[in-house]
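Worksheet for the structure shown next.
The values are calculated or read from the model by the stated rules, or taken from the named source; none is laboratory data. The model shown is predicted, which means the values in this text are computed figures rather than measured ones. Neighbour counts are summed over all protein chains in view; Cβ atoms, including those assigned to glycine, are modelled from backbone coordinates with ideal geometry.
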Amino acid sequence: MIFYLWPLGIALLLALAITPVIRFLALKHGIVDLPGPRKIHPSPTPLLGGLAVFLAFFISVAIFWLLGMVSDAKISEVQILAVFGGGLILMIGGYLDDRYNLQPWQQFIFPVLASVTVILAGLKIEFVSSPLGGILHFPAALGIAIAFFWLLGMIYTTKFLDGLDGLASGITAIGAIIIFFVSLYWDVPSSGTSVLALVLAGSALGFLVFNWHPAKIFLGEGGSVFCGFMLGTLSIISGSKIATALLIMGVPILDVFWVIIRRLWQGRSPVAADRKHLHFRLLDIGLSQRQAVVFLYLITAAFGVTSLFLPSSGKLIALMGLAVFMVILGISLILAYQLKSKHE
């Protein structure tokens, strides 16, 4: 088990070293997020933080690739290069958005291209475990389509999740660690899957040091979508652990789904910015940023750890329980906010 400290530690140290450099460059070139009506940070904060996560991740991957510890039967060298290519596309799109504030339809181009890149390299969902027992196999075309929409869904989940200091980067680290433990159940020791998961966790944790409230740097567009892209990719590589990933990311996924439905119901764009996400509602009832983030960390970790010990049928029950929990939590937050408003 001591071996596993190396990919985690190297990626973490690289992120710790690279992030201040990226922060300096962002400040030097004026690539900052300015305070505004829907924003909660009080002063201009550097963007482009996702570039630090990206560089720490892929420099670490390169090190372990040269050592022969990344490419294996589960993920080929071509797929690793495709993941790098997809991540690079997201970094380019993120830089353009952080610098020039792209329109939503322009932002959408880069996640689509990144997802297509890894799918062309052979990434697809070939099967999932059936909650009734056994394995459900998908035809190739259907498996490709599911993988494409799965990746886009994960990308936009972390994109919308990135609203509080340390929230997206911390949940990415938790998700990556859970996927690492999942890989230990079925994979060979020191597999490419486990190394990639730990490298992602280390990169996110190293960045989190600077992203924790009060944040010295933000992930930016590229970083927020890269986190979802990698979690989505790893969940496929780790044996189509879709139910596990749904439990890990269940709270933000359901939150995003609800917010999008509400926006469409109101005749608004589904990507229009507002303060109706769960993390903002936690602030509205009086929690501090740190308290809200830790609360969401705990929920993510609880459901993620639960997924490690449940069979497929149990995960289905847990997902239904998660949905019920979100409904109760949402109603409770609305009532708490109304009560708080009456007393003010």
Going through region 257-274 in order, the residues found to be under 13 Å from residue 161 (Cα atoms) and either modelled with pLDDT under 75 or hydroxyl-bearing (Ser, Thr, Tyr) (or both) are 271, 273, 274
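This table checks each residue for (1) in contact with a Gly (Cβ under 6 Å, 6 or more places away or on another chain); (2) at pLDDT below 95; (3) part of a helix (DSSP H, G or I).
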residue: 102; (1), (2), (3): no, yes, no
residue: 115; (1), (2), (3): no, no, yes
residue: 122; (1), (2), (3): no, yes, no
residue: 133; (1), (2), (3): no, yes, no
residue: 144; (1), (2), (3): no, yes, yes
residue: 158; (1), (2), (3): yes, yes, yes
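Please find, within region 141-168, the residue that is surrounded by the fewest Cβ atoms within 10 Å (Cβ to Cβ) out of those that are of a type outside the set (A, V, I, L, M, F, W, C) and under 18 Å from residue 93 (Cα atoms).
Taking region 141-168 as the starting set, the residues that turn out to be of a type outside the set (A, V, I, L, M, F, W, C) are 143, 153, 156-159, 162-163, 165-166.
Next cut, under 18 Å from residue 93 (Cα atoms) only: 153, 156-159, 162.
Values: 153: 17, 156: 21, 157: 28, 158: 28, 159: 23, 162: 28.
The residue in question is 153.
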Cβ-Cβ under 7 Å, sequence separation 6+ or interchain: first residue in region 218-236 and in contact (Cβ under 8 Å) with a residue 12 or more places away in the chain and farther than 24 Å from residue 103 by Cβ, partner part of a loop (DSSP other than H, G, I, E, B) and basic (Lys, Arg). Which pairs? 235/241
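Which of the residues spanning region 3-13 are buried (at least 17 other Cβ atoms within 10 Å of the Cβ) and in contact with a Leu (Cβ under 7 Å, 6 or more places away or on another chain)?
The first filter runs over region 3-13 and keeps only residues buried (at least 17 other Cβ atoms within 10 Å of the Cβ), leaving 6-8, 10-12.
Those that are buried (at least 17 other Cβ atoms within 10 Å of the Cβ) and in contact with a Leu (Cβ under 7 Å, 6 or more places away or on another chain): 7, 8, 12.
Yes or no, residue by residue, for (1) buried (at least 24 other Cβ atoms within 10 Å of the Cβ); (2) touching a His at 6+ places or on another chain (Cβ under 9 Å); (3) not aliphatic (A, V, I, L, M):
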| site | (1), (2), (3) |
| --- | --- |
| 16 | no, no, no |
| 22 | yes, no, no |
| 27 | no, no, no |
| 36 | no, no, yes |
| 62 | no, no, no |
| 65 | no, no, yes |
| 79 | no, no, yes |
| 100 | no, no, yes |
Test for residue 90: is it of a type outside the set (Gly, Ala, Ser), modelled with pLDDT under 95, under 22 Å from residue 158 (Cα atoms) and surrounded by 16 or more Cβ atoms within 10 Å (Cβ to Cβ): no
Any residue in region 287-306 that is at pLDDT below 85, buried (at least 19 other Cβ atoms within 10 Å of the Cβ) and more than 13 Å from the chain's Cα centre (by Cα)? yes
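Please determine, by comparing only the residues of region 1-46 that are assigned to a helix (DSSP H, G or I) and among the charged types (D, E, K, R), which one is modelled with the lowest pLDDT.
Restricting attention to region 1-46, the residues satisfying the condition of being assigned to a helix (DSSP H, G or I) are 2-28.
Now restrict to residues that are among the charged types (D, E, K, R): 23, 28.
Values: 23: 97, 28: 94.
Only one residue tops the list, namely 28.
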Taking the options 110, 138, name whichever one is closer than 24 Å to residue 80 by Cβ, in contact with a strand residue (DSSP E or B) (Cβ under 8 Å, 6 or more places away or on another chain) and either surrounded by 23 or more Cβ atoms within 10 Å (Cβ to Cβ) or not hydroxyl-bearing (Ser, Thr, Tyr) (or both). 138
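Okay, residues lined up against (1) acidic (Asp, Glu); (2) touching a Pro at 6+ places or on another chain (Cβ under 7 Å):
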site	(1), (2)
111	no, no
121	no, no
127	no, no
139	no, no
147	no, no
155	no, yes
158	no, no
165	yes, yes
Restricting the search to region 113-124, which residues are of a type in the set (A, V, I, L, M, F, W, C) and surrounded by 20 or more Cβ atoms within 10 Å (Cβ to Cβ)? 114, 118, 123
Just give me the residues in region 183-226 being over 17 Å from the mean Cα position of the chain (by Cα), at pLDDT below 95, hydrophobic (A, V, I, L, M, F, W, C) and more than 20 Å from residue 280 (Cα to Cα), in sequence order. 184, 186, 188, 195
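Quick test for you: out of 179, 171, pick the one residue that is within 15 Å of the chain's Cα centre (by Cα), at pLDDT below 90, in a helix (DSSP H, G or I) and surrounded by 24 or more Cβ atoms within 10 Å (Cβ to Cβ). Before you say what the answer is, go through the steps one by one.
Working: 171 fails: at pLDDT below 90.
Result: 179 is the single residue among 179, 171 that is within 15 Å of the chain's Cα centre (by Cα), at pLDDT below 90, in a helix (DSSP H, G or I) and surrounded by 24 or more Cβ atoms within 10 Å (Cβ to Cβ).
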